[in-house]
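Chemist: Before anything else, here's the structure in question.
Quick note: the coordinates plus some simple rules give every number you see, no bench work behind them. Given the structure is predicted, the values throughout are model-derived calculations rather than measurements. Cβ: placed from backbone, ideal geometry, glycine included. Neighbour counts: every protein chain shown.
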Amino acid sequence: MNPSDTVAYARPLLEKYRANQGPVLREGFLVGIVTDRDLRDVAGTASTSPNLAKMAQTGPETPDKILVEAVMTREVITLFPHSTVVNAAVVIGRQRIGSVPIVDGGCLVGIVSRSDVLDAFVSCECGERERHS
């Protein structure tokens, strides 16, 4: 999604793809990440988001007026394409996040989710068992 997309547009997009987080891109470059919670709780974030706080002073905004850039996290934790599954597991666990974008030169090239990490470890464990059987 783009920073200029509205919350009303972004929320069904995450629901459609059954995602808890979505990357925010400007001309292919990762500029932020937005979570389903960010989008759901727009009314509650007015006091914590400087952009939404400014909007709140001018009157209540509706999801079709609030832009994704007003609620997204700008400082995104990322990994590189050469990072390992273990790196991803450590970052996801320590930061308590559901996924981590993979970037190369600032461009988004993928996303590794908590489920992806678990699947990889289960796959490795199952492979080990078969080799020893």
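Chemist: Could you give me the ³J(HN,Hα) list for the stretch 81-88, computed from phi with Karplus coefficients 6.51, -1.76, 1.60 and θ = phi - 60°, whole Hz, x at Gly and Pro?
Modeler: x, 7, 5, 8, 4, 5, 4, 4
Chemist: Could you derive backbone 3J(HN,Hα) for the stretch 63-79 from the dihedral phi with the Karplus parameters 6.51, -1.76 and 1.60 (θ = phi - 60°), listing whole Hz in sequence and x where the residue is Gly or Pro?
Modeler: Each residue of the stretch 63-79 in turn: x, 7, 10, 7, 8, 4, 4, 6, 10, 6, 8, 8, 8, 8, 7, 10, 10 Hz.
Chemist: Would you please give the residues with an amide H less than 5 Å from that of residue 111, counting only those at least 5 places away or on a separate chain, with H modeled from the backbone geometry?
Modeler: 102
Chemist: For 17, 9, which order do you get if you count the other beta carbons within 10 Å of each Cβ and list the fewest first?
Modeler: 17, 9
Chemist: Whole-Hz Karplus ³J(HN,Hα) for the stretch 116-124, in order, using 6.51 cos²θ - 1.76 cosθ + 1.60 and θ = phi - 60°, x for Gly and Pro?
Modeler: Residue by residue, the stretch 116-124 yields 4, 5, 4, 4, 5, 5, 5, 4, 5 Hz.
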